[in-house]
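Okay, so here's the structure we're looking at.
No value in this document is a laboratory result; all are computed from the given coordinates. This one's a predicted model, so the numbers in the text were calculated from it and none came from an experiment. For neighbour counting, all protein chains shown are included, and Cβ atoms are generated from backbone atoms with ideal geometry for every residue, glycine included.
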Amino acid sequence: MSNISITIDGVECKAQEGDFVLNIARANDIFIPALCYLSNCSPTLACRLCLVEVDGKRAYSCNAKAKDGMNIITKNEEIEKERRAIMEIYDVNHPLECGVCDQSGECELQNYTMEMEVDCQSHCIPDMPRPAVDWGKIHYDPSLCIVCERCVTVCKDMIGESALKTVKRGGPELAKDWKDKTPKDAYAMWNKLQKSIIGVASGAETLDCTMCGECSAVCPVGALVSSDFQYKSNAWELKRVPAANPHSSDCSLIYYDVKHDSITNSNDRIYRVSNEYGFSPIHGAARYGYDFENVVKEKDEEAFEKVIDALKSKVDTIEFNSLITNEEALILQKLKDKYGYKLVNKDAYMYKKFLDNFSQVSGKNLYSGDLETVSKSNFVVSVGTALKTDSPNSGYAFNNALTMNKGAGLYFHPVADPVVDGYSKNLLSLNHKVGTEEAVLYLILDLFGKNLPIETADYLKSFHTVCKQTVGEGEEAKEIEVDENSLYEMVGVEDFSEKLPKLLAKKDKFSLIAGEDLYNHPRSKNLAKLLGLIEKYTDFSVVIIPSQTNTLGVSIICDLNKNRGKFTLGYNVKGDVTLSALGKGDLDMPALNQQEGTFVSMNKRVVPTNAALPFNGYCLNDIANELGLDAEFTIDYTAELPVRRGFKKVAFDDLPNEFTRAGVENRGYLLEEKIVTFKDEVDEVGEVKEIKNPIYLANPVHQFNAYTNKAHQLCEAGALYASSQFLEKRELKSGDMVVVEGDGGVSLTLRVEHEPMISGDIPYLPTFDTKLNAEQFFPDGYRFAAVSIREVK
Ligand code: SF4
Ligand code: SF4
Ligand code: FES
């Protein structure tokens, strides 16, 4: 694509050839009405409001691709007449219930009705009953629906599930004479509007999707709303607190929408989470898992003193997880520097080791990719992650690349996932043998490597054998030479080399997503180095998904130790003395929705998060001050984050937190990349003990940790999640009790639950329900373990 210049309403606008005119106008602050178009999704031409004149001809700006020298006029008498008529028609039979509608105040139908000055109605048609339906967390009222199809589009192009579609409305036909009385586009829109409403694509009664809620976020009217939020508040009463998703490392921009609890309780509470749906989708846990705050009445001075005493006399280790801010991580590092405490964080420790090994080969301290490079790619590979649940936003970016860029991709994982399979017919799902990820990465180097180091190239050659094969029959029979690649057999997948050229046709932007299965893998060191080779010697830009919200930030800021000492202060993990934001320890701490600070997102961006709710107890900064550090607020440390490790000396209040009109993420700042010394040294594929009857450590959709499970809309008891194939084979059904027994005599009795969103023979145990202690089966952190499972009556 080349740089071009077009003129919109006399303003010269720079753009890329092929960009949509509407996006160029928005990036240049020029307003064009538009109801159905969503950035990064395909235009549906449902509303026709974005009508403009391009070089004298009518065109829809959401669908018109820019060419150098184009001249665009966004309004004239004819266009304004069409737009006004369109808005009049949208208002035909629209229920007059704005007073109680959840969308009122942020309703685009209201806004455009005012904008187009619709103060009378010249169209009419009989209405028909359109009863509302309840789809679990989402409520659909077809009588409010303007069939803009945004919900259908976002679900298909962004989320990847195609769970909604337009269905027949069965409304009355438009009388013939309306055609003559109505402007052309308004009539065409009306005709379509009369014919459709929105329904569940599978034909089921309720939505059988991952329930991310993005369809309700994009709905411009009150047709799709959160069932929980319905009739709870007017939009204008809510205070929007910008924050970062606290549950996973996408750290997407969210807003906590906050207001007082009730007439009798003036304390604030969070009513819902909203997002910048035009630029950054959020997953279901970010949307529905918001009320995990730790409510305490006052400071517990006695408990605080005990913690300080312990830190002064007994504590030699502070253990914590990665659900903390960068500022808190820096406080812990400063305490380590001052008092010599060991800092233990298993998750960040393994991730850091992995990233260090990756850097030793790639020559850069960070990976090159991010969610945007993935969604702009046209060939994506995912390895070592149950994408849908580990990092839904990576899945959205993967799907967006497939659907919007005519892309293709490979999904390597031992657990088959029908949701990921459904992204596109150009996605090849490869459910490889457990533990063979090293061979998978060698296979990727073999297929995509360019100018590989000689040792690696020679090693890869050793997997190839040229065999003679007879093709055809009788007189037609001939012998041909076939290259057999034993890596396919090692990985345990069908040879897809024949399909690959088709998938790779016209592909020129490559991304690879690597995930958590690799960090604690018995061969993690070599896996990291192989990823380093892929980053360097293929066209892939690599993303290494940080496993928890701020794993990347913690791994950069803290000098971590592997093991605990004799006496541990646990911060959100169990210690000899425990600080807990779940309210289950010796001293209460604020939860992440009660804290200001920053995280480092998987996009390598230092992003701010704000406190939605107050916290009346002590925080880590109070403890640090008592131990001799000196900062009034935790966020005083934002400007002190280590510059030598890539942070910038910027105060918290100076951090931006927005998307520009052009959709550019202007949140915080990007970590500075550092060049490090490197060596192209990798090992050959090593032995990994075969895991018989494996189970997998993973969470179901919507769950990431104990905090998501604390939220009232997500709270559930953990179970052994199994596919229908697994259940049928063992004659089990949802609700049956089983005993899971693992190595070293560990066992767990729990309920089985049918998980329709996986297939195959590997069930999974979750971490979100701390009562289950699933981790006991995975002592080294590796996510696959051998177990036996039997039913108990
Ligand atoms: S439900 Fe909302 S987003 Fe979907 S078509 Fe109707 S108005 Fe548009
Ligand atoms: S909740 Fe998410 S997955 Fe389900 S229909 Fe809406 S957008 Fe699609
Ligand atoms: S925004 Fe272009 S047709 Fe609706």
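Some values worked out for this structure:
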| read-out | value |
| --- | --- |
| Nearby lysines by direct alpha-carbon distance to LYS729 (threshold 23 angstrom, same-chain neighbours under 8 apart not counted) | LYS433, LYS692, LYS793 |
| Amide H within-cut-off set for GLY663, under 5 Å, with H built and near neighbours excluded | none |
| Segment TRP236-VAL295, extension gain: residue separation times 0.36 nm, minus the distance between their alpha carbons | 18.6 nm |
| Backbone HN-Hα couplings from phi across the stretch 547-561 [Karplus 6.51/-1.76/1.60, Hz, Gly and Pro as x] | 6, 10, 3, 10, 4, 5, x, 4, 5, 8, 7, 9, 8, 9, 9 |
| Contour minus Cα-Cα distance for LYS679 and GLU658 (0.36 nm per residue) | 3.6 nm |
| Mean-position separation - Cα centroids, the stretch 605-673 and the stretch 548-583, in angstrom | 19 |
| Distance violations [Cα-Cα > 23 Å] among LYS689/LYS733; LYS14/LYS81; LYS336/LYS674; LYS334/LYS771; LYS338/LYS562 | LYS689/LYS733; LYS14/LYS81; LYS336/LYS674; LYS334/LYS771 |
| Set LYS312/LYS679; LYS75/LYS195; LYS137/LYS507; LYS156/LYS649 screened for pairs whose C-alpha atoms are more than 32 Å apart | LYS312/LYS679; LYS137/LYS507; LYS156/LYS649 |
| Hits among aspartates and glutamates - C-alpha to C-alpha of LYS168 under 18 Å, sequence gap 8 or more where chains match | ASP127, ASP141, GLU149, GLU205 |
| Reach of LYS342 by Cα under 17 Å, taken over aspartates and glutamates that are not fewer than 8 positions away in the same chain | ASP316, GLU319, GLU328, ASP559, ASP576 |
| Long-range HN-HN contacts of VAL542 with modeled amide H, under 5 Å | SER368, GLY369, LEU512 |
| Potential extension, ALA631-VAL92 segment - 0.36 nm per residue separation minus Cα distance | 188.1 nm |
| Long-range amide H partners of GLY409 with built H, under 5 Å | VAL380, LEU427, LEU428 |
| Ascending count of other beta-carbon atoms within 10 Å, so fewest first, for PHE463, PHE678, PHE726 | PHE678, PHE463, PHE726 |
| The chain: calculated mean residue ellipticity at 222 nm from DSSP helix runs of at least 4, using -39500 (n - 2.57) | -7000 deg cm²/dmol |
| Pairwise centroid distance, computed over Cα atoms, of the stretch 714-750 with the stretch 376-397, Å | 27 |
| For the stretch 268-355: relative contact order, % (alpha-carbon pairs under 8 angstrom, 6 or more apart) | 23 |
| Whole-Hz ³J(HN,Hα) from phi, Karplus 6.51 cos²θ - 1.76 cosθ + 1.60, for the stretch 212-221, glycine and proline x | 6, x, 5, 4, 6, 5, 7, 4, x, 10 |
| Derived scalar couplings ³J(HN,Hα) [the stretch 580-594; Karplus, 6.51 cos²θ - 1.76 cosθ + 1.60; whole Hz; x for Gly, Pro] | 9, 7, 8, x, 10, x, 7, 9, 6, 10, x, 7, 5, 7, 10 |
| Orientation-averaged projected area, Cα convex hull of the stretch 474-531 (nm²) | 7.0 |
| The stretch 642-793: relative contact order in percent, alpha carbon pairs under 8 Å with at least 6 residues between | 27 |
| Antiparallel bridges, percent of DSSP beta bridges restricted to the chain (to nearest 5) | 65 |
| VAL221, VAL554 arranged by Cβ crowding within 10 Å, fewest neighbours leading | VAL221, VAL554 |
| Two-site FRET efficiency, LYS192 against GLU305, from Cβ-Cβ distance with R₀ of 56 Å, rounded to 0.05 | 0.20 |
| The chain - percent relative contact order, Cα under 8 Å, separation 6 or more | 14 |
